[in-house]
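Below you'll find the structure, written out as structure tokens, and then a few comments.
Only the coordinates and a few stated rules stand behind these numbers; no lab work does. What you are looking at is a predicted structure, and each value in this text was computed from that prediction instead of being measured. Neighbour counts run over all protein chains shown; Cβ positions are idealised from the backbone, glycine included.
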Amino acid sequence: MSESVINLVRADLASFGGYSSARTAKLSGEIWLNANEAAWANPGDADGSCRRYPDPQPPALVQALADLYGVQPAQMLVGRGSDEAIDLLVRTLCEPGRDGVLFTPPVFGMYAVSARLQGARAIEVPLVDSQDGLVPDIDAVIAAAIDGNAKLVFLCSPSNPGGRSVPLAQVVQVATALAGRALVVVDEAYGEFADEPSAVSLMAEHANIAVLRTLSKAHGLAAARIGSLIADPALVAVLRKVQAPYPIPAPCSALALAGLTPEALSITAQRVAQVRSQRARLQQALATLPVVRRVYASDANFVLARFDDAQGAFDALLAAGIVVRDQRAAPQLGDALRITVGTLEQNDRVIATLSALKAST
């Protein structure tokens, strides 16, 4: 299984050793003079926890995340948010000018950004605006991936800003059709808010499936920048060599571990349930407003809606002190705003502000 995935790696990186940092070698000693670190702690670092370089992949954090997602530590690559993992995958698998990166707009912009920075072909297969919401055309995805020599296929599930999950059966369909050709990356940044099971459950049978997760959304640790790629161990081993040194600052690692205790996870689960409840309430309320054309189904922590006058709605919300995401520059969304689900009180303000607007005549 691993061999077929490793064959997707750029040929010139097959034997790449990466940078050997002072923490790469597992040495022991009492006096550490191998990394040119300061001999004294900074006055602002009272306990001296930041004087030394951190472990590139902190074992305690890797284990905690592996436990959270139900995988083995060897399958985990932890980095600076999901953004770093996306960039690493594109740089490691795609040869500039030859290989492609497929994604399904309107969608998270980093797939296209990383492809362009690497000189990889950006292959766009637009989502279909259906009765079920903005959903991928799976047959078109497969055909375009083969035709465009895609090495990476990103399926955002739940999709941002579309909000819908990709059924696991469709993920299997894509992975099976592209076995030996491409890695299918399921971006589950909003997975905690959805009913669809994680694509991690498919990886034992499909080595060319990888999964992205993050602590930025449901876990409320966006500033800590802790993202995870879950993939075949052989691919993870290569990516660790490509990754820049010391990706996880010690304070961020400590913060993440504190947020992954049983007590913290219990509170997070309660808050996810609240978001799901408030999401349904916000959708129902928006759907009754005359200024709203359509409210999309959502499996995430946001609601996408089309407006008769999106600019007017955006301005009214901003005047009320409420900042939402203007989606009008995104493909197919020239009249849409994306509203993150907030607290009950925050959602009340959104509803009240939009309720005060008059429908266009």
Cα centroids of the stretch 61-118 and the stretch 285-361: how far apart, whole angstrom? 31
Given springs between every Cα pair under 10 Å in a Gaussian network model of the chain, which of 283, 57, 346 has the largest fluctuation? 346
222 nm mean residue ellipticity, helices alone, for the chain (DSSP H n ≥ 4; -39,500 (n - 2.57); rounded to 500): -10500 deg cm²/dmol
Going through the DSSP H helices of the chain, which span 24 Å or more along their own axis at the Cα atoms while scoring at least -0.5 as a mean Kyte-Doolittle hydropathy? 262-287
Förster radius 30 Å - calculated FRET efficiency between residue 270 and residue 128 (Cβ-Cβ, nearest 0.05): 0.25
Residues in the stretch 93-137 that a label on residue 287 would reach, taking backbone N under 14 Å of a point 7 Å out along Cα→Cβ: 131-133
Size of charge dipole - the stretch 263-355 - debye, nearest 20, with Cβ of Lys, Arg +1 and Asp, Glu -1, no other charges: 220
For the stretch 1-124, the charge dipole (Cβ of Lys, Arg +1; Cβ of Asp, Glu -1; about the Cα centre) points to a positive end, and the Cα of 85, 60, 13 closest to that extreme belongs to 13
If you rank 89, 13 by fewest surrounding Cβ atoms within 10 Å, what's the result? 13, 89
Would you work out which of 252, 320, 337 lies farthest towards the positive end of the dipole of the chain? Charges go on Cβ: Lys and Arg +1, Asp and Glu -1. 320
Under a point-charge model restricted to the Cβ atoms of Lys and Arg (+1) and Asp and Glu (-1), what is the dipole moment magnitude of the chain relative to its Cα centre, in debye to the nearest 20? 400
Just want the ordering: 299, 187, from fewest to most Cβ atoms lying within 10 Å of their own Cβ. 299, 187
Add +1 for every Lys or Arg and -1 for every Asp or Glu among the other residues with Cβ under 13 Å from the Cβ of residue 286, and state the total. +4
If exposed means chymotrypsin sites (Phe, Trp or Tyr not before Pro) lying in a DSSP loop and surrounded by at most 16 other beta carbons within 10 Å, then the longest stretch of the chain lacking such sites spans residues 41-361
Assuming 0.36 nm per residue, please report the length gained on full extension of the stretch residue 117 to residue 179 beyond their Cα-Cα distance. 19.7 nm
Can you sort 33, 304 so the residue with the fewest Cβ neighbours within 10 Å comes first? 33, 304
Testing the spin-label approximation: label points 7 Å from Cα along Cα→Cβ at residue 352 and residue 4. State their distance in nm. 5.7
